[in-house]
Structure formats: C-alpha cells, structure tokens
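Participant: My questions will all concern the structure given below.
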Amino acid sequence: MRTGISVLEARAIVLEQARPLAPEVVAFEAALGRVLAEDVRSSRTLPPADCSAMDGYAVRAADVAAPGAQLRIAYEVAAGAHAPRALAAGEAARIFTGAPLPPGADTVVRQEDTEARAGEVRVQVAVPRRESVREAGEDVRAGDLVLEASARIGPPEVGMLAALGKTLVHVHRRPSVAVLSGGDELVEPHEEPTNGRIVSSNAYSIAAQCREAGSTPNNLGIARDTPGDLERLLRAGLGADVLVSSAGVSVGDHDHVRPTLEKLGVRLAFWGVEMKPGYPITFGRADDGRGAFVFGLPGNPVSALVTFELFVRPLLLALAGRSDLARPEVTAIAGEAFRKKPGREHYVRVFLAKRGDGWIATTTGNQSSGVLRSMTLADGLLVFPAAASEIAAGARARVIVLDESVFARPAA
Ligand code: AMP
Ligand code: MG
C-alpha cells in the first residue's frame, strides 16, 4: 500500500482499473444522461421524402424563373397528406410545412411571395430551383451511423432515438454506491443531537454527490465505533459497485475502517494523500471476484466533499461510460494573498467573480475542514500547489469550477 502520494498519483490509481459497467437495455426516454453502449444506425431516411419547408405553393422551377408568373392552383397538400396526381406545367399546389412535394414539383414558393385570387396564384419574385424544399435524407440516410457508442444522451439524442424508432437502447449501467458513515457521535437528521452529538451530514452530501454524478446511492446508515458494527455495514456495502464510507479512517483508537476493510479482503492501494482538506483517505478494491471499489473518506464534512470530488466523482463517471471526467477549470487572479506551509496541495474554497474577461478568486472564509458553511458558499476550489507557500494577490491560480452558474453571471 502506498502512502503520502500526490493527488495526481492517487487519481491515476483510482482510474487505472475503471471500465464502463456492462450495458443494460432501457427505454429511450429513460436514457437521458446515460452513455450509449452501442452504435445506433438508421434503418430510416429522414425526412422520408422531399417535403416543403414553408407554407406556400409547390411549383415547377421552370414556371417561376422570372417574377410575375401566373399559375393555376391545382390542389392542396397538407402535412401528412399526398398529392392526388402529378403537378403539370403552369400549375401550383397549395402546400404546408412538412407536406410531401407533389410529383412533378421541385420548388416551393413562400406564401409571403405570392398573391392568390380566384383559383390562381401570382408569384411576385423569381424563385430558384429547390428553394424551400427539405431534401429526402438531408437529416439521416438509411444505413447512416447516427449515434456512436460512448456518446452521451442529451435531449437532441433522445429526439433522434424517437425519430429513428429506436425505442430500446443499450446504455452503460449506472454505478450503485453504498454510502456508510461511522462514529458514535453521529445521529440522523430527524434526531435531536444532544450531548455534543452531531448529525451525520456526510451521508447526505455524499449521496447527493453520487446522484449528481449519475449514480444511485444507497445509504446504509451509521456504524458505531466498534469493529463488529463496522464490519457488518462494510460487508453489506461490498455488494455495490462502489462503497463510500466516511470517517474512522485516521489513526485514532476508534478508527477501525482500515483494519476492517483489510479483514474483509479489500486490497488497499493507498492511504494518505498529500492534500488539504482530506489527507486521511484510503482506496482499494475488494478481492472477492465482484471487485467493489472502496473509498474510506475522511470524516470532516469538507474533507469528505472535496475528496469525493477529486477521486470518487471521476470514477463514477468512468464506470457510467463517460470520458469527460473533469470539471471545468478557469485561471483566476488571486483577489487576495493566500498562504500555507509547503508540502500538501490545498484546495481552497473560493468565490469567483467575473472581471472583464477574467476571473477573481477570493476566499469564502474559514478554511477549516469542518466548516461546511464556507463550502456551501464556494463557486470553486482554488488549487494551491503542494510546493508553494504563497499565492500573492494578483497572481494567477487554477480554480476547479464547482458551480457552473458562474459562467452565466454578468461581469462586474
Ligand atoms: P473521524 O475521522 O472519525 O475522526 O472524524 C473526523 C471528524 O468528522 C469528526 O469531527 C467527526 O465528528 C466528523 N464526522 C465524522 N463522520 C461524520 C458524518 N457522517 N457527518 C458529519 N461529520 C462527521
Ligand atoms: Mg470517528
């Protein structure tokens, strides 16, 4: 087991064995946010035939080459209808958006460019051939590879699946995550925390992070600080794809997580990452054939959130088939001086303000790893490099953006 490694090394270890989970078949409407596990080819041509892009008149281009053409209105074609016969020279067909072009017609004149009277229509302008015609197959041709395996399904993809009649689709399974908390001081949110007890908020912030990353959390509850109780819950958690436990992973007398995981056959790859908040984090994989990924996150609420962000989130995305694992980042100007001891990489909770076309980062307040408030305020995490001891006011710094609404904010 490695110890005292960098964030980069730790993340590489976590992602090393991450493969997209096996596909499952879901209804296309339920596939939003999922990642395709198959190539989707079309058996259809879209649009299926040449059709009108406008309300107006279908005509023969030769008849409207010069402005002022006078044509006889032969019939009408509505969307979903068919022309009763081919269009002859000197004729126009009243046509509506999406209606198929009558045989013989090759051009559509917009209604706005015409004047109809007594069964005849006058076309005021010269109209080029194929104007306002949607070509058969201009969207999709039969046999086209329309959506590729590994594509993420957003609203346009859901619409495309519908258009193709692809009602069932193979997508990567969502990871299941067992969430477990440990500590004799912990109570559930509906309980009154008396005698110095505190609410197990981590279980809820972690479950929320899981959902945000497209996975399905299952809260296993609170393990007491006894090896027996912890073993019972951790064992249950190994049935999930990923087990995320928080607290009890440090070096205190009541920190039973590591020995218990090892007893359960979890091979720990590392303990201790040179970062703050969040040094005492451990990661490994069960050697039971199922191979659950196991995280022992630190107990402090901000440490749990930040280590989840840096290590668990990318794993969950990778298991779901995603290849875009990183949050957006910006280069910001430090709005004040930041100082620390060299050695560990710090993730500083910051506000981001848009100034001109750049960003200014300022602290959200007390950076203690137990102060959840300054995390609720944070737009991002400023990455304070391990070896550095100061980021001077006005210097540039990398900021991981947690709240993408910053991009939509007006500049000050
Ligand atoms: P530990 O790692 O068990 O020493 O816990 C570190 C700190 O995190 C302690 O102050 C705990 O009270 C706190 N803590 C542990 N688990 C949770 C939890 N589930 N929710 C909120 N705080 C917690
Ligand atoms: Mg504890």
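The values are calculated or read from the model by the stated rules, or taken from the named source; none is laboratory data. The structure displayed is predicted, hence computed values, not measured ones. Cβ sites come from the backbone with ideal geometry, for glycine too, and all protein chains shown count toward neighbours.
Participant: Name the strands (runs of 3 or more DSSP E) wholly within segment 328-394 that hold at least 2 residues that are at pLDDT 95 or above and more than 20 Å from M275 (Cβ to Cβ)? If you could, list the steps in order and put the result at the bottom.
Facilitator: Working: elements: 329-334, 345-355, 358-363, 380-384.
The strands (runs of 3 or more DSSP E) meeting that bar are 329-334, 345-355, 358-363.
Participant: What residue, of Y75, Y57, is aromatic (F, W, Y), in contact (Cβ under 8 Å) with a residue 60 or more places away in the chain, surrounded by 13 or more Cβ atoms within 10 Å (Cβ to Cβ) and over 30 Å from R211 (Cα atoms)? Full working, then the answer.
Facilitator: Working: Y75 fails: in contact (Cβ under 8 Å) with a residue 60 or more places away in the chain.
After ruling out the rest, the residue left standing is Y57.
Participant: Tell me whether segment 214-230 contains one or more residues that are within 11 Å of ligand 1 (Cβ to nearest atom) and more than 34 Å from the chain's Cα centre (by Cα).
Facilitator: So far as segment 214-230 goes, yes, one or more of its residues are within 11 Å of ligand 1 (Cβ to nearest atom) and more than 34 Å from the chain's Cα centre (by Cα).
Participant: Find the residue count for segment 121-155, including only residues that are closer than 23 Å to K166 by Cβ, touching a strand residue (DSSP E or B) at 6+ places or on another chain (Cβ under 9 Å) and not in a loop (DSSP other than H, G, I, E, B).
Facilitator: Residues meeting the conditions: 6.
Participant: Among the residues of segment 352-384 satisfying the criterion of being surrounded by fewer than 18 Cβ atoms within 10 Å (Cβ to Cβ) and within 23 Å of the chain's Cα centre (by Cα), which is nearest to L305 (Cα to Cα)?
Facilitator: For segment 352-384, the residue satisfying everything is T376.
Participant: Where residues in segment 243-270 are of a type in the set (A, V, I, L, M, F, W, C) and surrounded by fewer than 23 Cβ atoms within 10 Å (Cβ to Cβ), which of them is nearest to ligand 1 (Cβ to nearest atom)? Talk me through it step by step, then tell me what you get.
Facilitator: Of the residues in segment 243-270, the ones of a type in the set (A, V, I, L, M, F, W, C) are 243-244, 247, 249, 251, 257, 261, 264, 266, 268-270.
Filter again for surrounded by fewer than 23 Cβ atoms within 10 Å (Cβ to Cβ), leaving 251, 264, 268-270.
Working: V251: 9, L264: 19, L268: 16, A269: 20, F270: 17 Å.
Here the residue is V251.
Participant: Please name all residue pairs, on different chains or six or more residues apart, with Cβ atoms under 9 Å, provided the first residue is in segment 181-199 and is within 25 Å of R258 (Cβ to Cβ) and the second residue is surrounded by fewer than 11 Cβ atoms within 10 Å (Cβ to Cβ) and of a type in the set (S, T, Y).
Facilitator: Every condition considered, the pairs that remain are V187/T194.
Participant: Output the number of the condition that S201 fails; it satisfies all remaining conditions of (1) more than 13 Å from ligand 1 (Cβ to nearest atom); (2) out of contact with any Gly (no Cβ under 9 Å at 6 or more places or on another chain).
Facilitator: Status for S201: all satisfied but (1).
Participant: What tally of residues in segment 287-315 results from selecting those that are closer than 15 Å to M1 by Cβ and assigned to a strand (DSSP E or B)? Break it down stepwise before answering.
Facilitator: Looking only at segment 287-315, we keep the residues that are closer than 15 Å to M1 by Cβ, and these are 287, 294-296.
Pick out the ones that are also assigned to a strand (DSSP E or B) and you get 294-296.
Residues flagged as closer than 15 Å to M1 by Cβ and assigned to a strand (DSSP E or B) within segment 287-315 amount to 3.
Participant: Across segment 139-184, which residue is farthest from R197 (Cα to Cα) among those that are of a type in the set (S, T, Y) and surrounded by fewer than 17 Cβ atoms within 10 Å (Cβ to Cβ)? Write out each step before concluding.
Facilitator: Step one: filter segment 139-184 for residues of a type in the set (S, T, Y), giving 150, 167, 176, 181.
Next, only the ones that are surrounded by fewer than 17 Cβ atoms within 10 Å (Cβ to Cβ) stay: 150, 167.
Details: S150: 46, T167: 51 Å.
Within segment 139-184, the match that is farthest from R197 (Cα to Cα) is T167.
Participant: Tell me, which strands (runs of 3 or more DSSP E) wholly within segment 163-244 include 1 or more residues that are closer than 20 Å to R285 by Cα? If you could, list the steps in order and put the result at the bottom.
Facilitator: Numbers: elements: 168-172, 176-182, 216-223.
Of the strands (runs of 3 or more DSSP E) lying wholly inside segment 163-244, those with at least 1 residues that are closer than 20 Å to R285 by Cα span 176-182, 216-223.
Participant: If I ask for residues that are small (G, A, S) and either within 15 Å of ligand 2 (Cβ to nearest atom) or touching a Lys or Arg at 6+ places or on another chain (Cβ under 8 Å) (or both), which ones from segment 254-277 would you list?
Facilitator: Going through segment 254-277, the residues small (G, A, S) turn out to be 265, 269, 272.
Selection gives A269 alone.
Participant: For segment 246-264, does any single residue satisfy the condition of being assigned to a strand (DSSP E or B), of a type outside the set (F, W, Y) and modelled with pLDDT of 95 or more? Explain how you work it out, then say what you get.
Facilitator: To start, the set of residues in segment 246-264 that are assigned to a strand (DSSP E or B) comprises 246.
Applying the additional criterion that residues be of a type outside the set (F, W, Y) yields 246.
This time we only want the ones that are modelled with pLDDT of 95 or more, so: 246.
Yes, segment 246-264 contains at least one residue that is assigned to a strand (DSSP E or B), of a type outside the set (F, W, Y) and modelled with pLDDT of 95 or more.
Participant: Let me ask something else about it. Given the residues V146, V187, V199, V251, which is the only one that is within 16 Å of ligand 2 (Cβ to nearest atom) and over 27 Å from V273 (Cα atoms)? Show your work before the answer.
Facilitator: Working: V146 fails: within 16 Å of ligand 2 (Cβ to nearest atom); V199 fails: over 27 Å from V273 (Cα atoms); V251 fails: over 27 Å from V273 (Cα atoms).
Going through V146, V187, V199, V251 in turn, the sole match is V187.
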